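A.B. asks: My questions all concern the structure below.
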Amino acid sequence: IHSYDSTDSTTLYDKAGNEILTLKSVSSIAGIDPNDNVVISSYQSGKGHVDYLADKTGKKLSDDYYMISYAGGDYYRVEKSASEPGYAVMDKTGKLLDSKTYKRIYYNENHDVVFGINDYGEYDLLGKDGKTIAELRGDEIYDYDNYIVVELENGGRQFYTYSGKKFHEYGN
């Protein structure tokens, strides 16, 4: 709840109405995610809208970015600025994992892996450090059982483990 009175404070409450966190001069505090972190949003003179990652006590963990959202697991999507479209990957400690940006970030919770989507047909499988461990190129990718399937333009398929190792291919 944001107070528009002289306190200029925003407070996050739990379901029972107990105060969790109160901060001054911020516009919103996202709910506590599974990493016990929150995304703080504010408007700063000269910067405009900024988000940063904080722990549930309000201690700042990351630099300021245009937008941050929880992706799943230990990962967050980061838009660096309004003029730089695309997402980077940040971990739960607030560390930007790589300088590369993607059109979309997809987290597969069942297998604890992150996909960076460059463009249609261009997918990167990212390791826990945010670095590309496999470039997956094809019409579509999807999970099947305990591996990744890449559908190729010619009707063929490639099969990868979640650690990025190609173990089978046909129709290419």
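The values are calculated or read from the model by the stated rules, or taken from the named source; none is laboratory data. Model, not experiment: these values are computed from the prediction. Glycine gets a Cβ as well: all are built from the backbone with ideal geometry, and neighbour counts include every protein chain shown. Quick note on the areas: whole protein, heavy atoms, side chains included, nothing else; ligands and nucleic acids left out. Shrake-Rupley method; radii C 1.70, N 1.55, O 1.52, S 1.80 Å.
A.B. asks: Of the conditions (1) under 24 Å from H49 (Cα atoms); (2) in contact with a strand residue (DSSP E or B) (Cβ under 7 Å, 6 or more places away or on another chain), S81 fails just one. Which one is it?
C.D. replies: That leaves (2) as the condition not met.
A.B. asks: Report yes if N118 is open to solvent by 20 Å² or more (accessible area, probe 1.4 Å), in a loop (DSSP other than H, G, I, E, B) and among the polar types (S, T, N, Q), otherwise no.
C.D. replies: It is false that N118 is open to solvent by 20 Å² or more (accessible area, probe 1.4 Å), in a loop (DSSP other than H, G, I, E, B) and among the polar types (S, T, N, Q).
A.B. asks: Then there's this: Of all residues in region 73-98, how many are out of contact with any Lys or Arg (no Cβ under 9 Å at 6 or more places or on another chain) and over 21 Å from S28 (Cβ atoms)?
C.D. replies: Number of matching residues: 4.
A.B. asks: Search region 26-58 for residues being of a type in the set (S, T, N, Q) and within 14 Å of Y70 (Cα to Cα), and hand back the single one that is most open to solvent (accessible area, probe 1.4 Å).
C.D. replies: The qualifying residue most open to solvent (accessible area, probe 1.4 Å) is N35.
A.B. asks: Considering only region 162-172, state which residues are of a type outside the set (G, A, S), more than 24 Å from the chain's Cα centre (by Cα) and part of a loop (DSSP other than H, G, I, E, B).
C.D. replies: Scanning region 162-172 gives a single hit, N172.
A.B. asks: Just one of A134, A71 is over 17 Å from I148 (Cα atoms), touching a residue at least 12 places away in the same chain (Cβ under 8 Å) and in a strand (DSSP E or B); which is it?
C.D. replies: None of the other options fit; the residue is A71.
A.B. asks: Here's another thing I want to ask about it. Out of the residues in region 1-41 meeting the condition of being more than 22 Å from L96 (Cβ to Cβ) and β-branched (V, I, T), tell me which one is modelled with the lowest pLDDT.
C.D. replies: Within region 1-41, the match that is modelled with the lowest pLDDT is I1.
A.B. asks: Is it the case, given these coordinates, that Y52 is in contact with a Lys or Arg (Cβ under 6 Å, 6 or more places away or on another chain), of a type in the set (F, W, Y) and part of a strand (DSSP E or B)?
C.D. replies: Spelling it out, Y52 is indeed in contact with a Lys or Arg (Cβ under 6 Å, 6 or more places away or on another chain), of a type in the set (F, W, Y) and part of a strand (DSSP E or B).
A.B. asks: Give me a count of the residues in region 74-106 that are assigned to a strand (DSSP E or B), more than 16 Å from K131 (Cβ to Cβ) and either in contact with a helix residue (DSSP H, G or I) (Cβ under 8 Å, 6 or more places away or on another chain) or at pLDDT below 90 (or both).
C.D. replies: Summing the residues that are assigned to a strand (DSSP E or B), more than 16 Å from K131 (Cβ to Cβ) and either in contact with a helix residue (DSSP H, G or I) (Cβ under 8 Å, 6 or more places away or on another chain) or at pLDDT below 90 (or both) in region 74-106 gives 4.
A.B. asks: Something else about it: Counting just the residues of region 152-161 that are part of a strand (DSSP E or B) and open to solvent by less than 40 Å² (accessible area, probe 1.4 Å), which one comes out nearest to G127 (Cα to Cα)?
C.D. replies: Y160
A.B. asks: Name the single residue that is farthest from A88 (Cα to Cα) among those in region 42-67 being hydroxyl-bearing (S, T, Y) and at pLDDT below 90.
C.D. replies: Per the stated criteria, the residue is S45.
A.B. asks: Follow-up question, since we're still on this one. Determine if region 115-132 includes at least one residue that is in contact with a Leu (Cβ under 9 Å, 6 or more places away or on another chain), more than 25 Å from S69 (Cβ to Cβ) and at pLDDT below 90.
C.D. replies: So far as region 115-132 goes, no, none of its residues is in contact with a Leu (Cβ under 9 Å, 6 or more places away or on another chain), more than 25 Å from S69 (Cβ to Cβ) and at pLDDT below 90.
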